[in-house]
Amino acid sequence: MDLFLIDGISPFFRGCDQEVINWSKAPFVHLEKDGGLNPYRTKQIQKDFKTFCTKAADAGYNAITLDDLAHLCIFDFYGPELVNKLFEYRLLFSALFEIAESHGLTPYITTDLLFYNRAIEKHIGSKDEDIRRFAADACRQLFTDFPNVGGLIVRIGEADGLDVEGDFHSRLVLSSPLQARRMIETLIPVFEEFDRQLIFRTWSVGVGKVGDIIWNPDTFDAVFRGLENDHFIISMKYGQSDFFRYLPLNRLFFRGGHRKLVEFQARREYEGFGEYPSFIGWDYEDIRDKLIGQNIAGISVWCQTGGWSGFRRLTYLDEHAVWNEINTFVTVQLFRDQTVTTDQVIQEYYRRNYSDPHWRPLQELLRLSDEVIKELLYTEDFASRNIYFRRLRVPPLVNVYWRHIVANHFMRKFMRCYVSDGKRAVKQGFRALKKIRRMQELAGPLGLPVEDLEFQYDTFSIMATVREYYFLDFTDELVARLQKMKTEYEMKYKEPRYVLMLDTSKFKLRRAHLHLMLKMMFRGEHGYRLFDRVVTLNILSMLYPLLKRFSRKAVPEFASESAMGIDSIFK
């Protein structure tokens, strides 16, 4: 294991003032002005990037990822305005590459397959062969013009979000295992020629027949069998879904002789975006220990990337990004030395940041933060179940998503279908609140932001009360209490904050009927049933436009407007 990657996009977000920020990609439009790059922004990015690289290298990273291939390649069929702008981007990135290298960090570039604009669409059309040739030409140009770039990180299973603006917008062009395999076979010779690394991500939102590559061994084999190569790495998230807890280790890490990269997230997008502690050390240590002896090339740690929210703490650049930075440090240290324990790494973090030897209070605070997340943000009885729908593993966390706390009649019925002991879940939630109070007591003497724990307590108090709504008898008093909490919360905390989506109007489907429908549509094993092959994977795609009208109350608006939109999983 010799590759320790960290995402380097934090400096690009300085000054972003949108109410909701798309953290999945560098905000290129934000950097531009009058048809080119804003010189103030580029100067600030370089300054911040030096700070970021200094701290990332000190933590133990030796490589850094930057978005993206589209902004580093110039083709002769582009218009003059775009060419001039891309020349400015290339100058900026050349400076960033030099900064990274001076800190011992090898730059890697990210890309979706494939990025498009009107000129590209007109030039290459939609034939697979032309798409593969264009992708290979872009890689050759990258490595020829930027010889200090160590490789390319390719995403095939998700494209740009609906809100992405600018000169390029990516699309999903590989929908079958055969298309994906042929793309890899086309690209590997380019990477062999330049002695670079092709890092191919299996993450997918479930689109097309290749959409289950993240968990399906048959699809995995159809794409990757026989493609072992010193210049090729398969990059996988640690579980069969996104960066959630309660996910068992993805068994595909044990399949094939390919080198593999493990993807981790330090700024936990589903667990507060770093606004409060969400420690992951012990979970990641367990993953590491299970992977010992496998052909692991390294790790890729997201310290800033992922999700949609207005929470905007910048790792290694903001004073109060400490919770992200603890996770970022602990993750790389666990894999740098595979004999150390999480407790030992916490002790090392304390030694580097405090003058006294008393590290146990920090250990206790982080242990409690881990427990609170698992006991109150997640609902254990639901989160620990393996549930699949179409080509996706259903996330273990659905009632709190990014910054949205969903309290509606559909979610109440849905959760009751899966949680066998609702009263226990309610009690567990309120017990977890007491642990946050203890964390507040510990944070002050450690010089950690107590106000973050206050924010967590108020936010999680709403979540605990929403559990009452899910699992206890419905009363007008409970609804009034939730409404009062919502009002007081919004008065106390200005945006960005969590949003309580409270709607107790009736969802006109009996729970027994909903339960039957869920048993038909959802399954407990990753393999497909005959019903899935006939109905959910085929007929449901055709019927989905009609079902959308029925399910408006079941699907919150943010789910349709964020990322690629919920419609994408029915393609």
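Derivation of every value follows stated rules applied to the coordinates shown; laboratory data play no part. Quantities reported herein were computed from a predicted structural model and do not represent experimental measurements. Here Cβ is always computed from backbone atoms with ideal geometry, including for glycine, and neighbour counts include all displayed protein chains.
Below is a table of values for the structure above.
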| read-out | value |
| --- | --- |
| P(r) histogram, all alpha-carbon pairs of region 172-302 included - 5 Å bins from 0, percent | 2, 10, 19, 21, 19, 14, 9, 4, 1, 0 |
| At least 20 Å along the helix axis (C-alpha) and Kyte average at least 0.0, DSSP helices within the chain | 80-102, 177-194, 322-336 |
| Cβ-derived FRET efficiency at R0 41 Å, SER175 paired with ARG385, nearest 0.05 | 0.90 |
| 10 Å-binned pair-distance histogram of region 301-372 (Cα, whole percent) | 17, 46, 32, 5 |
| Paired Rg and Dmax values of region 371-525, which use every Cα atom, in angstrom | 16.6, 53 |
| Coarse-grained scattering of region 1-116 at q = 0.20, 0.23 Å⁻¹, given as base-10 log I(q)/I(0) from a Debye sum over alpha-carbon atoms | -1.18, -1.43 |
| Gained length - ARG225 relative to SER420, 0.36 nm times residue gap less alpha-carbon distance | 66.0 nm |
| Share antiparallel - DSSP beta bridges, the chain, percent rounded to 5 | 20 |
| Once the Cα gyration tensor of region 378-454 is diagonalised, semi-axes √(5λ) in Å | 30, 15, 12 |
| Compactness of region 123-235, expressed as Rg and Dmax over alpha-carbon positions, Å | 14.1, 39 |
| For the chain, the fraction of alpha-carbon pairs in successive 20 Å shells from zero, as % | 20, 55, 24, 0 |
| For the chain, calculated [θ]222 nm from helices alone, where every DSSP H run of n ≥ 4 adds -39500 (n - 2.57) | -14000 deg cm²/dmol |
| Ordering of 24-32, 348-356, 397-405 by burial proxy (mean other Cβ atoms within 10 Å per residue, highest first) | 397-405, 24-32, 348-356 |
| Positive-end residue, region 369-450 charge dipole about Cα centroid, Cβ charges, pick of PRO395, HIS409, ALA425 | HIS409 |
| Per-pair calculated FRET efficiency, R0 = 60 Å: ASN38 and PHE254 via Cβ, rounded to 0.05 | 0.80 |
| Kirkwood-Stokes translational diffusion coefficient of region 46-89, alpha-carbon pairs, 20 °C, 1.002 mPa s, µm²/s | 168 |
| Highest to lowest packing among 458-471, 167-180, scored as the average C-beta count within 10 Å | 458-471, 167-180 |
| Most to least packed among 442-449, 34-41 [average Cβ atoms within 10 Å] | 442-449, 34-41 |
